[in-house]
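Visitor: Take this structure first; my questions come after.
Coordinate-derived values only; no laboratory data. The shown structure was predicted, so the numbers you read here are calculated from the model rather than taken from an experiment. Because the Cβ atoms are built from the backbone with ideal geometry, glycine has one as well, and the counts that use them run over all protein chains shown.
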Amino acid sequence: MHFDTKAVHAGVKPDPSTGAIMTPIFQTSTYVQKSPGDHKGFEYSRTQNPTKYALQESIAALENADHGLVFGSGLAAIDAVLKLFKPGDEVISGNDLYGGTYRLFTKVFEGLGIKFHFIDLDNISNIENFINDNTKLIWLETPTNPMMSIIDIKGAAAIAKAHDVLLAVDNTFATPYLQTPLDLGADIVMHSVTKYLGGHSDVVMGALAIKDSELAKKLAFIQNASGAVSGPFDCFLVLRGIKTLHLRMERHCANGKRVAEYLNNHPKINKVYWPGFENHPNHAVAKEQMKDFGGMVSFTLLEDDQEASFRIMESLKLFALAESLGGVESLANHPASMTHAGIPRDQRYKVGLLDSLIRLSVGVENAENLIADLEQAIG
Ligand code: PLP
């Protein structure tokens, strides 16, 4: 089935009791049993909930997975993956990733005895330098947040398989509309559903998509045992959001291209980070593994001046100054002081995350209006 059709229909069936075309919000914590253990497959909503099940089926279908799991946030989904491991195990991770993921790895799981290697994955053969008998997981984002680096998923999967190591891909920036990592050999796909899948800046949620049934069983056990599940109303909102994912992504990509090209020609801008440029270091990989280049664009100023970037951000009228991304409305974020404040400055500078870097989540408004807003703010 084509992606657009899956986006509209997967997981959602007419309600058998009424014919309601949308899955009802089963806002219930528990389910009545006839006799102890004699029930309709539903006992307690941390474990089973029909609205959650519909969403999990929808996300699994979009990612070409067999199993989907949704969590109270993206970080809760990552937390569940890391709980597969024990002290002494090692994780190889990209060195440009969401600040909250870095914080979870270094401030929580490092303390529990898991060792992390944050490495440059522009060239995936670098993984071989860090892999050893204790390595259990390769974790990557692509495109990365906020530097828009592209990592070769197929190549990373081949290395992971050769060493019997799991590969997890945070697919938040691309969404399954642009790339499906499981088809390229990844074992786990993770989403901050808060972003494009929800799409309307009204939900915080995470998800995992998995093909392997044994691995899915372990993660579902952790989901239920740790309890970071998402509520039925939030699941309903995301089911609704997903129905237009393909339409929104088309516009995000078109607007992202217009904004990236505009910024690239602006005399006050130093560097624009967007994988659609032919001189992007991994443009060829992006073209190979993605359908288009997405709606995220980062840029730095001619002089690395944080005050100047603050002035631009304060002057924007249409782009809202806010954390998060992937909603229909355009947002501007200052990673160094906002989303990535938890990453030490020297670490940030190693990957080019300068104090003047601004990250834009280009929404689905009219591109002319967005460019006019940038024009008046940058001057
Ligand atoms: N991964 C990426 C790429 C993100 O951008 C974020 C949040 O910004 C997360 C994970 C964490 O997701 P959440 O905020 O839903 O916990």
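Visitor: List the aspartates and glutamates whose Cα sits under 13 Å from the Cα of LYS268, skipping any in the same chain fewer than 8 residues away.
Guide: GLU303, ASP304, ASP305, GLU375
Visitor: Residue farthest toward the positive end of the dipole of the range 3-242, with Cβ of Lys/Arg at +1 and Asp/Glu at -1: which of VAL238, ILE188, ASN171?
Guide: VAL238
Visitor: Using each residue's phi in the range 105-121, evaluate 6.51 cos²θ - 1.76 cosθ + 1.60 at θ = phi - 60° and report the 3J(HN,Hα) Karplus result to the nearest Hz, with x for Gly and Pro.
Guide: 5, 7, 9, 10, 6, 4, x, 8, x, 8, 9, 10, 10, 9, 10, 6, 10
Visitor: If we count every other residue with Cβ under 14 angstrom of GLU303's Cβ, Lys/Arg +1 and Asp/Glu -1, where does the sum land? The partial results should precede the final answer.
Guide: Values: positive: LYS268, LYS271, ARG311; negative: ASP304, ASP305, GLU307, ASP355.
Charge balance near GLU303 sits at -1.
Visitor: Would you kindly compute the Cα radius of gyration of the chain and its largest Cα-Cα separation (Dmax), both in Å?
Guide: 20.8, 74
Visitor: Based on the Cβ-Cβ distance from LYS350 to THR18, what FRET efficiency comes out when R0 is 35 Å, to the nearest 0.05?
Guide: Approximately 0.05, to the nearest 0.05.
Visitor: Arranged by the count of other C-beta atoms within 10 angstrom, fewest first, what order do THR144, THR244, THR101 take?
Guide: Values: THR144 26, THR244 17, THR101 23.
In increasing order of surrounding Cβ atoms, one gets THR244, THR101, THR144.
Visitor: By DSSP, what percent of the beta bridges with both residues in the chain are antiparallel, rounded to the nearest 5?
Guide: Details: 23 of 42 bridges.
So the antiparallel bridges in the chain amount to around 55 percent.
Visitor: Calculate, in nm to one decimal, what LYS317 and GLU368 gain on full extension: separation in residues at 0.36 nm each, minus their alpha carbon distance. Intermediate results must be reported in sequence, preceding the final value.
Guide: Values: separation 51, 0.36 × 51 = 18.36 nm, distance 1.37 nm.
Taking 0.36 nm per residue and subtracting the Cα distance, the gain is 17.0 nm.
Visitor: Between the range 7-77 and the range 200-267, what is the separation of their alpha carbon centroids in Å?
Guide: Each part's Cα centre sits 17 Å from the other's.
Visitor: Sorting check: for 210-218, 223-231, 263-271, which peptide has the highest mean count of neighbouring beta carbons within 10 Å, and how do the rest follow?
Guide: Details: 210-218: 16.0, 223-231: 17.9, 263-271: 14.2.
Top of the packing list down: 223-231, 210-218, 263-271.
Visitor: Only loop residues by DSSP count here, and only those with at most 16 other Cβ atoms within 10 Å; note down the GluC sites (Glu not before Pro) in the range 336-379 that meet that.
Guide: Values: sites: GLU365, GLU368, GLU375; in loops: GLU365.
Passing sites in the range 336-379 are GLU365.
Visitor: Next up: Per residue of the range 354-359, in order, report the coupling 6.51 cos²θ - 1.76 cosθ + 1.60 (Karplus, θ = phi - 60°) as ³J(HN,Hα) in whole Hz, putting x for Gly and Pro.
Guide: For the range 354-359, the Karplus-derived couplings read 7, 5, 8, 5, 10, 10 Hz, x marking Gly and Pro.
Visitor: List the trypsin sites (Lys or Arg not before Pro) within the range 1-77 that fall in a DSSP loop (any state other than H, G, I, E or B) and whose Cβ has at most 13 other Cβ atoms within 10 Å. Please list the in-between numbers first.
Guide: Numbers: sites: LYS6, LYS34, LYS40, ARG46, LYS52; in loops: LYS34, LYS40, ARG46.
Here the sparse-neighbourhood loop sites are LYS34, LYS40.
Visitor: Work out the FRET efficiency for MET338 and PHE233 from their Cβ-Cβ distance, taking R0 = 22 Å, and round it to the nearest 0.05.
Guide: Numbers: r = 28 Å, r/R0 = 1.26.
My answer for the efficiency is 0.20.
Visitor: Shifting gears a bit: In the range 288-343, which GluC sites (Glu not before Pro) are in a loop and have at most 16 other Cβ atoms within 10 Å, using DSSP for the loop call? The partial results should precede the final answer.
Guide: Numbers: sites: GLU288, GLU303, GLU307, GLU314, GLU323, GLU329; in loops: GLU303, GLU323, GLU329.
Passing both the DSSP loop test and the Cβ count: GLU303, GLU323, GLU329.
Visitor: Determine the alpha carbon to alpha carbon distance for each of LYS52/LYS136; LYS161/LYS350; LYS161/LYS211; LYS6/LYS211; LYS115/LYS136 and list only those over 20 Å.
Guide: Numbers: LYS52/LYS136 30 Å; LYS161/LYS350 29 Å; LYS161/LYS211 15 Å; LYS6/LYS211 17 Å; LYS115/LYS136 10 Å.
Among LYS52/LYS136; LYS161/LYS350; LYS161/LYS211; LYS6/LYS211; LYS115/LYS136, the Cα-Cα distance tops 20 Å for LYS52/LYS136; LYS161/LYS350.
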